[in-house]
Amino acid sequence: MWRMLLPLLAGIGLASLLPGVAPASLLWLLLLTLSTGGILSHFSFSSPEGLSGGVISLFFLVLGWTLALQQERPVERISGERYLATLLEHPYSKNGTFRAEGLLTAVADQEGVRGAHEKIQIYFPREWSGEGLIAGTRILFGVDPMEITNRGNPYEFDYRAYAAAKGFYRQVFLVEDQWQPTGADPRFRMRVAAEKTRDFLLSLYRRSGIGGEEFDILAALTLGYKKSLDTEIRQVFSTTGASHVLAVSGLHTGIVYMIVSFFLGFLRRGRISRYLFMVLALAALWAFAFITGLAPSVQRSALMFSVVLVGDHFRHPSNIWNTLAASAFLLLLINPRLTGDAGFQLSYAAVAGIVFFQPRIAGWLTFRHRVSRYFWELLAVSLASQLTTFPLSCFYFHQFPVYFWISNFIVIPAAFLFITLGILVLVTSVVPLVSAFLAQVTALLIHGVYGVLEVTGSLPGALIPGIGFPVSSLVLSYGVLLLVSLFLLRRKIRFLQLAMVVASALFLAGAAGRWRQSAVCEIIVYNRRDPLIHLIAGFRNYLLVSAESPGSGATPPEAAAVISHCHLDKPVILPFSADFSDPRLLKKGPLLSFGGALIALDDGKTPLPGKPPPQMVIHYGNNRLPELWPATTYRISYRRQKGQSPEPNLHSVREMGAWKHSLNLR
């Protein structure tokens, strides 16, 4: 299976490096190779199997390349007077705005109505109360969907790629009085059916008396519904290294399989009933995946369990590595963009670590008592998964939870208990008294576990923040892990020596990065609602913020990403109106001197001195850009320039993204 997966991954990777090569060219290359190989095999190859293996690898490389290129197709502009879309989920509130995923089904203009089939993200007006709409409701609106774009800030989260991996390329911001519901969609849609089923099960939880943070945690654990989780709950689980429990994955699927085996395991004893057990177990696994939204992690785990289950019942036990490769192969055939999904990467990295390292770590110690052996093996699982996910966690989240091993002692057994109790609450909902009692017990236990996690997260040194891995460090880290794994398998000292060389290169790369950063002097004007200017001189940095910025004493997330990635010191935060002076920065009123450049801050109201003329003017007011500056002055503006022809020496942050410029460090 790996002979198919690895070329497929290589093809998907090459598609991002060579986006201009058409799939047709690749197919012609394949045909040419097949023809040439058929001729050369009579003269040069003593082993036809080697040639056929190469051809198979090339085929899957081309297949991955072609599938990835099809996913990278440019988003065509659509325009119409009215649009019809079906909601794929119940609208939910986030940051004060209701939103939902939808399916665009029709576009109407003066020429008539034409069909469409494209997933879009729908944002409702802030004034809307969020009532009256459910999954499957159709809405009619007159606002053009816009292509999803990033804001162009350095090291920002690539939301465009994240949305594209989930099949979303456009979003629409509805305006009051320009949209209306038009009833239910008469067509059957699998996603809508799954959402309605989950909404019904969530209503049973609420009816049984579970609410608040206990409901949010139980809904995430058992039904994969995380949209009601607030920031505080997410932060507690993140700080303690227990976030994986909130994301339905192999742990949850395994628990469901264990529950099915406990109640129906007797069926495996009979010659015919054992096949009935297989069918029921498969139905339970995929029903669980269905009601949890068919997330990639659930699909992967459900596929793995299905392959193992079928192989076991037909007396063909499967190799776990081939099972892992087969599930990844099938998922990537459906959606090649999953290679860039953090959840997909972390999921497979964790499983690979558990499969390879957990038995070796567990073998370090032996215990006679069953309870001691259980907790040691649980610790071995936590260590093994952290070992292989640590580089990715640092790359994506820039932090490391120190007490993950403590929290996993708590949350993994608790997850089994909560999933079991959650199922019992749903099953006994026909008997309200029993369901209410079980719900109260479940809520009490969740409250207790969450309290323990809060205490764990408040311990000194619970979280190491600001860890940033560039891509080079990420690759070198997994190079070390690969070489150490080969050493453990082959017991050849050269692998260990190479691992030490790569580890040295990793540390040298980090040192070289800090040396380069010490010589950096640059200015960044971020693309955000409230103006934000970042001045960086080595590791020292300054943030200029407007007085209207909410939480002006805290580091804005756009700047925090740069500070974390470049390992900068804590920033000096200055309002635009403040004066400041130190060896790197001199600011007086609207003028500042930094990196050998004179920079003016123009709010469009306060008159600026004309002499000496500044090299740069940052205009952050809403008034029209003044024309008094000479042609040599570069202007950066927060004001949109719609309808105006492009001007030289003018950068519109709203339309062109963040502006970044290097200066001289003295």
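Structure values in brief
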item: Qualifying residue in the stretch 310-322 (condition: within 30 Å of D158 (Cα to Cα), hydroxyl-bearing (S, T, Y) and in contact with a helix residue (DSSP H, G or I) (Cβ under 6 Å, 6 or more places away or on another chain)); result: no
item: Residue in the stretch 495-504 that is farther than 30 Å from T240 by Cβ, part of a helix (DSSP H, G or I), open to solvent by less than 30 Å² (accessible area, probe 1.4 Å) and in contact (Cβ under 8 Å) with a residue 40 or more places away in the chain present; result: no
item: Residues that are polar (S, T, N, Q) and touching a strand residue (DSSP E or B) at 6+ places or on another chain (Cβ under 9 Å), drawn from the stretch 219-259; result: S228, S238, T239, T240, S243
item: Residue among A281, A295, A289 that is farther than 20 Å from S347 by Cα, surrounded by 18 or more Cβ atoms within 10 Å (Cβ to Cβ), under 33 Å from the mean Cα position of the chain (by Cα) and not charged (D, E, K, R); result: A281
item: Looking only at the stretch 332-364, and only at residues there that are of a type in the set (A, V, I, L, M) and over 22 Å from P391 (Cβ atoms), the one that is least open to solvent (accessible area, probe 1.4 Å); result: A362
item: Residues that are in a loop (DSSP other than H, G, I, E, B) and among the small types (G, A, S), drawn from the stretch 551-560; result: G551, S552, G553, A554
item: In the stretch 109-125, residue surrounded by the most Cβ atoms within 10 Å (Cβ to Cβ) [restricted to those that are outside any loop (DSSP other than H, G, I, E, B) and within 29 Å of the chain's Cα centre (by Cα)]; result: I122
item: Enumeration of residues in the stretch 463-472 that are open to solvent by less than 70 Å² (accessible area, probe 1.4 Å) and out of contact with any His (no Cβ under 9 Å at 6 or more places or on another chain); result: L463, S472
item: Some residue of the stretch 252-264 being hydrophobic (A, V, I, L, M, F, W, C), part of a helix (DSSP H, G or I) and within 27 Å of the chain's Cα centre (by Cα); result: yes
item: Residue list for the stretch 61-108, restricted to those being closer than 30 Å to R3 by Cβ, open to solvent by 30 Å² or more (accessible area, probe 1.4 Å) and touching a residue at least 12 places away in the same chain (Cβ under 8 Å); result: L61, L63, L67, Q70, Q71, E72
item: Scope the stretch 228-242; condition surrounded by 16 or more Cβ atoms within 10 Å (Cβ to Cβ) and either among the charged types (D, E, K, R) or not in a helix (DSSP H, G or I) (or both); matching residues; result: S228, L229, T240, G241, A242
item: Residues of the stretch 298-315 classified as open to solvent by less than 50 Å² (accessible area, probe 1.4 Å) and farther than 18 Å from L332 by Cα, total; result: 3
item: Checklist (1) surrounded by fewer than 19 Cβ atoms within 10 Å (Cβ to Cβ); (2) of a type outside the set (F, W, Y); (3) in contact (Cβ under 8 Å) with a residue 40 or more places away in the chain; (4) under 26 Å from S472 (Cβ atoms) applied to P557, failing item; result: (3)
item: Selection from the stretch 401-415 of residues that are open to solvent by 40 Å² or more (accessible area, probe 1.4 Å) and closer than 30 Å to A561 by Cβ; result: V402, Y403, W405, I406
item: Matching option when the condition is farther than 28 Å from V355 by Cα, in a helix (DSSP H, G or I) and open to solvent by less than 30 Å² (accessible area, probe 1.4 Å), among Y542, Y450; result: Y450
item: Any hit, the stretch 475-485, residues being outside any loop (DSSP other than H, G, I, E, B), modelled with pLDDT of 90 or more, over 23 Å from the mean Cα position of the chain (by Cα) and closer than 23 Å to S662 by Cα; result: no
item: Number of positions in the stretch 85-104 that are under 17 Å from E147 (Cα atoms) and more than 22 Å from the chain's Cα centre (by Cα); result: 2
item: Criterion: closer than 30 Å to V355 by Cβ and not in a helix (DSSP H, G or I) - qualifying residue of F400, F418; result: F400
item: Lone qualifier among S393, S327 - being over 22 Å from R160 (Cα atoms), among the hydroxyl-bearing types (S, T, Y), open to solvent by less than 60 Å² (accessible area, probe 1.4 Å) and touching a residue at least 12 places away in the same chain (Cβ under 8 Å); result: S327
item: Breaking point among (1) aliphatic (A, V, I, L, M); (2) within 23 Å of V175 (Cα to Cα); (3) modelled with pLDDT under 60, for L27; result: (2)
item: Subset of the stretch 70-108 that is among the aliphatic types (A, V, I, L, M) and in a loop (DSSP other than H, G, I, E, B) - its residue that is modelled with the highest pLDDT; result: L88
item: In the stretch 561-592, residue nearest to G152 (Cα to Cα) [restricted to those that are small (G, A, S) and either open to solvent by 60 Å² or more (accessible area, probe 1.4 Å) or assigned to a strand (DSSP E or B) (or both)]; result: S577
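Residues checked against (1) over 30 Å from S504 (Cβ atoms); (2) among the hydroxyl-bearing types (S, T, Y); (3) exposed (fewer than 14 other Cβ atoms within 10 Å of the Cβ):
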site: L417; (1), (2), (3): yes, no, no
site: T420; (1), (2), (3): yes, yes, no
site: S429; (1), (2), (3): yes, yes, no
site: A436; (1), (2), (3): yes, no, no
site: L445; (1), (2), (3): yes, no, no
site: G457; (1), (2), (3): yes, no, no
site: G461; (1), (2), (3): no, no, yes
site: L474; (1), (2), (3): no, no, no
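The values are calculated or read from the model by the stated rules, or taken from the named source; none is laboratory data. Quick caveat, the model's predicted, so the values are computed rather than measured. All Cβ positions, even for glycine, are placed from backbone atoms using ideal geometry, and neighbour counts span all protein chains on display. Calculation scope for accessible area: heavy atoms of the full protein, side chains included, ligands and nucleic acids excluded. Shrake-Rupley method; radii C 1.70, N 1.55, O 1.52, S 1.80 Å.
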